[in-house]
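Notes follow the structure.
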Amino acid sequence: MDAQRHPRARSGSGAVARSGAARRGRRRGAATRRRHRRHHRRRRTAAVPSRPRDHLGRRWAETDLPHGDPARALPAAGGPVNPRGFSLVEVLVAVALMAAGLALAFGIVQGAVRAAGSAEQLAAHSDRLRTAQGFLRRQLANALPQPIDPAAGFEDLRLLTLDDQRVSFVGEMPGYLGRGGAYLQVFRLQRGARGTALVFEHRLMTPDGPLRAERPPEVLIDGLVDARFAARGFGPDGRPADWGEWDRLGQLPSQVRLTAQFAEPRFRFPMLVVPLRYSLSGVTGVLPEAARRDPRGEDER
């Protein structure tokens, strides 16, 4: 009855209720926004390192970032980024690392080039040594039982003379070095600026003796130290004699030896021992005493 009499009073109470509900909704919305803001602040602050660096850190994030809100200072995904640049220490470290890498690469390349050059030099030296020893072996093995001096009498008939620095004999030359016939060949050890060198010279033999040399002596190998020749034959008992000089009449030694070393330790000179093909030939005219004995032990008559 009263409500029908007073409609304004009923409408006024409804407005009050609606305004109270609106205030409660606004408070709930504000609380929700505050919760969301705290949640975003904690999430953005967690991305900041715990230890301070350049005045930044988790403890100082809310005070150093604008308005105490890290979300306002950190750019959104896909948004513009404000570049910070590099410090002097970082630039120096990068330059030092780059220089170290370049130095390492240069050292590796230089070492590879040096190793390749050393291997090539060693191969060339080995080839030259093998060629020189092969030539010396071939010429000594084919030494002929022919006197060095054709004018010498039988009492001075020497087929080969040898001391520790020189060996002389008569033999044929290869076709690319000679004109055919017998040559007086001399291998000698000659001292030079680079150590001792093995030198070879040859002269064409004639009935009147050797002619003048057609070309200067040829150095076969150099850089030697402690080089010496030696020869040995058979003793009176038919056994091999000791190594030493050779000046026997009318007889070639059974073996000739050359020992030497290189001044550079990385090079090695193999000992060369050459057996002579005609050392026991009947053409020599002189055989060991044991070879001239009868099988029964009696001298030949």
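The values are calculated or read from the model by the stated rules, or taken from the named source; none is laboratory data. Bear in mind that the values here come from a model prediction, so they are computed numbers and not experimental data. Because the Cβ atoms are built from the backbone with ideal geometry, glycine has one as well, and the counts that use them run over all protein chains shown.
Brief remarks follow.
- Applying a threshold of 7 Å to beta carbon distances and a minimum spacing of six or more residues, or different chains, the list of pairs starting in the range 231-250 at a residue that is under 17 Å from Phe187 (Cβ atoms) and in contact (Cβ under 8 Å) with a residue 40 or more places away in the chain and ending at one that is of a type in the set (A, V, I, L, M) and not in a loop (DSSP other than H, G, I, E, B) reads Ala231/Leu162; Ala231/Val256; Glu245/Leu162; Trp246/Leu160; Trp246/Leu162; Trp246/Ala231.
- For the range 149-157, the criterion of being closer than 19 Å to Ala213 by Cβ and in contact with a helix residue (DSSP H, G or I) (Cβ under 9 Å, 6 or more places away or on another chain) is met by at least one residue.
- Pairs meeting the criteria (first residue in the range 202-217 and closer than 17 Å to Pro147 by Cβ, second residue surrounded by fewer than 10 Cβ atoms within 10 Å (Cβ to Cβ) and at pLDDT below 85, beta carbons under 8 Å, at least 6 apart or on different chains) are Leu204/Arg179; Asp208/Ala151; Gly209/Ala151.
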